[in-house]
1. Name the residue that is surrounded by the most Cβ atoms within 10 Å (Cβ to Cβ), counting only residues in segment 101-127 that are charged (D, E, K, R) and more than 15 Å from the chain's Cα centre (by Cα).
2. I'm checking my understanding of the structure. Among residues of segment 128-161 that are closer than 23 Å to Val205 by Cα, out of contact with any Leu (no Cβ under 9 Å at 6 or more places or on another chain) and not aliphatic (A, V, I, L, M), which one is surrounded by the most Cβ atoms within 10 Å (Cβ to Cβ)?
3. If you go through segment 84-95 one residue at a time, do you hit one that is closer than 19 Å to Asp136 by Cα, among the β-branched types (Val, Ile, Thr), touching a Lys or Arg at 6+ places or on another chain (Cβ under 8 Å) and open to solvent by less than 40 Å² (accessible area, probe 1.4 Å)?
4. Write out, first by first residue and then by second, each pair whose Cβ atoms fall under 9 Å of each other, whose residues are 6+ apart or on separate chains, and whose first residue, in segment 218-237, is more than 16 Å from Leu112 (Cβ to Cβ) and of a type in the set (S, T, N, Q) while the second is open to solvent by 60 Å² or more (accessible area, probe 1.4 Å) and assigned to a strand (DSSP E or B).
5. So which residues in segment 311-347 are among the β-branched types (Val, Ile, Thr) and either crowded, with 20+ Cβ neighbours inside 10 Å or not in a loop (DSSP other than H, G, I, E, B) (or both)?
6. Looking only at segment 59-68, how many residues end up being surrounded by 14 or more Cβ atoms within 10 Å (Cβ to Cβ) and part of a loop (DSSP other than H, G, I, E, B)?
7. Say whether the condition of being among the polar types (S, T, N, Q) and not in a helix (DSSP H, G or I) is met by at least one residue in segment 281-290.
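The values are calculated or read from the model by the stated rules, or taken from the named source; none is laboratory data. Here the structure is a predicted model, which means the values were calculated and not measured. Positions of Cβ are backbone-derived with ideal geometry, glycine not excepted, and every protein chain shown enters the neighbour counts. Remember, those area values only see protein heavy atoms, side chains included, never the ligands or the DNA or RNA. Shrake-Rupley method; radii C 1.70, N 1.55, O 1.52, S 1.80 Å.
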Amino acid sequence: MPENTQRRRTAAMRACDRILSGVRPTTMRERLAELSAVAHLDDLPDYYGDGPVTVLEQRVANLLGAEAAVWFPTGTMAQQVALRFGARETDAVALHPLGHQLVHERDAYAALTGLRAVLPTTAPRNPTAAEIVALDERVGTVVFELPMRDAGFVLPTWDELTEACAAAENAGARVHFDGARIWESAPYLGRSLVEIAEQADSVYVSFYKTLGGLSGAVLAGTGELAGFARAWRHRHGGNVFQQWPAVLAALDGLDRELPRVGEYVRHARTIADALAGLPGARVHPHPPHTHQFRFFLPHRAEALNAATLDLAERERIWFAGMWQDTEVPGVAMTEVTIAAAALEWTAADVAAAAERLFQHL
């Protein structure tokens, strides 16, 4: 996106009275003001991973029922370490071609860790038990992305997940959950975070996705994994002198946003139903598995992005932006994220705003 268009988009979204998809952008001053009111602010800062970092690590370990948890400055780093931990007997790891490691990390698992990807499936979903059993070579780790973002934020059912995890264990592989968005996976799976995490040997969680943090991640698992992770975090350059702003924002997100995630997921179904009823529209998956889903309209992305921006600037309504053309000519797609601002929207509100959007096309 051109820089001037990005600035216009951000300014327009900040000025909107109503936002259907996403969260209102904040300035650095506004963000600092929010952090000035969080708990622990009068404590001393961290020094190379102590203080508030250990508070956050223990908080996440408790949430997931894990023996230990280790803070990382990025999820990419955390997941490389998790895969390296499972590579002591084989350099093969079971990944999905739509998974984060292959799509968004510039093949860091291979370039920095020397691993090989084995693909249990190319279907737009996590691998099944049968596909894991059918692997023709041993893998050190099987990765499940919960939910799989680039397949449309889709999740397996609880039975499918537990059967696939058991198949991986029976094959002698570790199970790793790419749980950047695991917080919003619990409602669909119908289990607690502890019950979900129990299915894996390691779980990575993110704080800036869904919870509104600044950055950072945690890798949770056994005490042995934690010791390994701290050593390799240092080797990767992730043992940063002070990270308390990101850590405080993560703790604030756990306090403020995590309790609302179930409400976001429930309301996403209402919004998705309303969007699916628009002329030529399609929602995937329908109903959504989390508070995020894909939304398709029979228009070019350029026209929809322009109309979205025009609607925002003229009428102070933010519908859904960042449209991309699909492989189907004349059909564009965007990812819809239902957060706090969308909770006030009814199905009738969605229909009315869509009508206004179409008038700007």
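1. Filtering segment 101-127 for residues that are charged (D, E, K, R) and more than 15 Å from the chain's Cα centre (by Cα), the one surrounded by the most Cβ atoms within 10 Å (Cβ to Cβ) comes out as Arg125.
2. Restricting to residues being closer than 23 Å to Val205 by Cα, out of contact with any Leu (no Cβ under 9 Å at 6 or more places or on another chain) and not aliphatic (A, V, I, L, M), the top hit is Phe153.
3. Yes, there is a match, as at least one residue in segment 84-95 is closer than 19 Å to Asp136 by Cα, among the β-branched types (Val, Ile, Thr), touching a Lys or Arg at 6+ places or on another chain (Cβ under 8 Å) and open to solvent by less than 40 Å² (accessible area, probe 1.4 Å).
4. Close Cβ pairs satisfying both conditions: none exist.
5. Here is the first cut: in segment 311-347, the residues among the β-branched types (Val, Ile, Thr) are 317, 326, 328, 331, 334, 336-338, 346.
Selection gives Ile317, Thr334, Val336, Thr337, Ile338.
6. Of the residues in segment 59-68, 2 are surrounded by 14 or more Cβ atoms within 10 Å (Cβ to Cβ) and part of a loop (DSSP other than H, G, I, E, B).
7. Scanning segment 281-290 turns up at least one residue that is among the polar types (S, T, N, Q) and not in a helix (DSSP H, G or I).
Here's the yes/no breakdown for (1) touching a Ser or Thr at 6+ places or on another chain (Cβ under 8 Å); (2) farther than 24 Å from Val261 by Cα:
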position: Arg7; (1), (2): no, yes
position: Leu20; (1), (2): no, no
position: Pro25; (1), (2): yes, no
position: Met28; (1), (2): no, yes
position: His40; (1), (2): no, no
